[in-house]
Structure formats: C-alpha cells, structure tokens
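*Asks:* The structure follows.
A short reminder: the numbers here are calculations on the coordinates, not readings from a lab. All values derive from a computational prediction rather than experimental measurement. Backbone-built Cβ (ideal geometry, glycine too); neighbour counts: all protein chains shown.
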Amino acid sequence: FAANNVTQLYEIGSGKVLTGLARRIDKTVNGVAVNGAADIDQLLATLIG
C-alpha cells in the first residue's frame, strides 16, 4: 500500500474481512467497513464535505 501512497481503504459490503487483512499488511492504512445504506450515506457526506 505504501508504495502506491494508499492511506485509506473503504470496504463496501457485509463484513470486515478485507479491512482486517489490509490492517495486517500495513498498519498505517486506515480501513473503513461500510455495511449498509446508512453507512454509505455517512461516508459520502464525509468525503464530499
């Protein structure tokens, strides 16, 4: 992740498996699991500002 300047990951769908794996690979990456419509709305509001 660091080689590609990745600092943030978003896992969209049920569960947190990919987010957990990403954290094991690179502890500096911030992973966010988005599990439903309300989470997607909140994520979009955060990203858009």
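*Asks:* Show me the trypsin sites (Lys or Arg not before Pro) within the chain that DSSP assigns to loop and that have at most 13 other Cβ atoms within 10 Å of their Cβ.
*Replies:* Sparse-neighbourhood loop trypsin sites (Lys or Arg not before Pro): K27.
*Asks:* Turning to a different aspect of this structure: Could you work out [θ]222 nm for the chain from helices alone, using -39500 (n - 2.57) per DSSP H run of at least four and dividing by all its residues? Round to the nearest 500 deg cm²/dmol.
*Replies:* Taken over the chain, the calculation gives -13000 deg cm²/dmol.
*Asks:* Another question, if that's okay. Relative contact order (percent) for the chain, with alpha-carbon contacts under 8 angstrom and 6 or more residues of separation?
*Replies:* 36 percent
*Asks:* How large is the dipole of the range 2-48 about the Cα centre if only Lys and Arg carry +1 and Asp and Glu carry -1, each at its Cβ, rounded to the nearest 20 debye?
*Replies:* In debye, rounded to 20, the range 2-48 gives about 240.
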